1. Quick check for me: using +1 on Lys/Arg Cβ and -1 on Asp/Glu Cβ, what's the dipole size of the chain about its Cα centre, in debye to the nearest 20?
2. Taking a virtual spin label 7 Å from the Cα of Met133 along the C-beta vector, which residues in region 17-50 bring their backbone nitrogen under 17 Å of it?
3. Compute the angle between helix 136-146 and the longest alpha-carbon principal axis of the chain, please, reported from 0 to 90 degrees and rounded to the nearest 10.
4. For Ala74 and Leu28, calculate 0.36 nm times their separation in residues minus their Cα-Cα distance, and state this gained length in nm to one decimal.
5. In region 43-94, what chymotrypsin sites (Phe, Trp or Tyr not before Pro) fall in a loop by DSSP, with at most 13 other Cβ atoms inside 10 Å?
6. Just checking the chain: which Cys have no other cysteine's beta-carbon under 4.7 Å?
7. Hey, with R₀ at 25 Å, roughly what FRET efficiency would Met1 and Thr98 work out to, going by the Cβ-Cβ distance, to 0.05?
8. Scattering from the C-alpha atoms of region 44-88 alone, worked out with Debye: what is log10 I(q)/I(0) at q = 0.17, 0.20 1/Å?
Amino acid sequence: MQRHAPPDYDCPFCAFVRGEERPPWNLLDDVVWRDDGATAWMNPRWWERNPGNVIVVPNRHVESLFELDGRQAAAVHETTRRIALAMTSTYPCEGVTTRQNNGPGADQEVWHYHLHVFPRHRDDGFCGSGARMTQPEERRPYAELLR
């Protein structure tokens, strides 16, 4: 199996799952769900017309989909289902999109398997929109709604 993380990779997602904050990008207040198998938190990067997206990760480190085992996949997807239901019942959105990248050719940026959950609206131009980094005070109301 081909791995892309450098040998000395300090995984930021593993650190966050362990409870280490990385202000202003990842704060414990951003966590919206945690159980034995998966953790979900507000993504600090927001797309222009789709605020409040979430990242879901398996708690045990795997680099990509290619290493994910069935138990981890089940935990991530059950958490994703919970987040999607919470989004559609508390956000003003009409649906959700999930997105997941594997390897440098797919623009994977963090070498820990993760699944994005985006709130969506009809004709929102999601695929062509830009993204920006947010501050904790912008994310807090969305996290509170999802929790």
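1. So the dipole magnitude of the chain works out to roughly 280 debye.
2. From region 17-50, the list is 21-28, 30, 42-48.
3. 80 degrees
4. Going from the current span to full extension adds 14.2 nm.
5. Phe66
6. Lone cysteines by the Cβ rule: Cys93, Cys127.
7. 0.60
8. These q points yield log10 I(q)/I(0) values of -0.58, -0.74.
Read the figures in this text as sums done on the coordinates, not as results from a lab. This one's a predicted model, so the numbers in the text were calculated from it and none came from an experiment. Note that we place each Cβ from the backbone using ideal geometry, even for glycine, and neighbour counts take in every protein chain shown.
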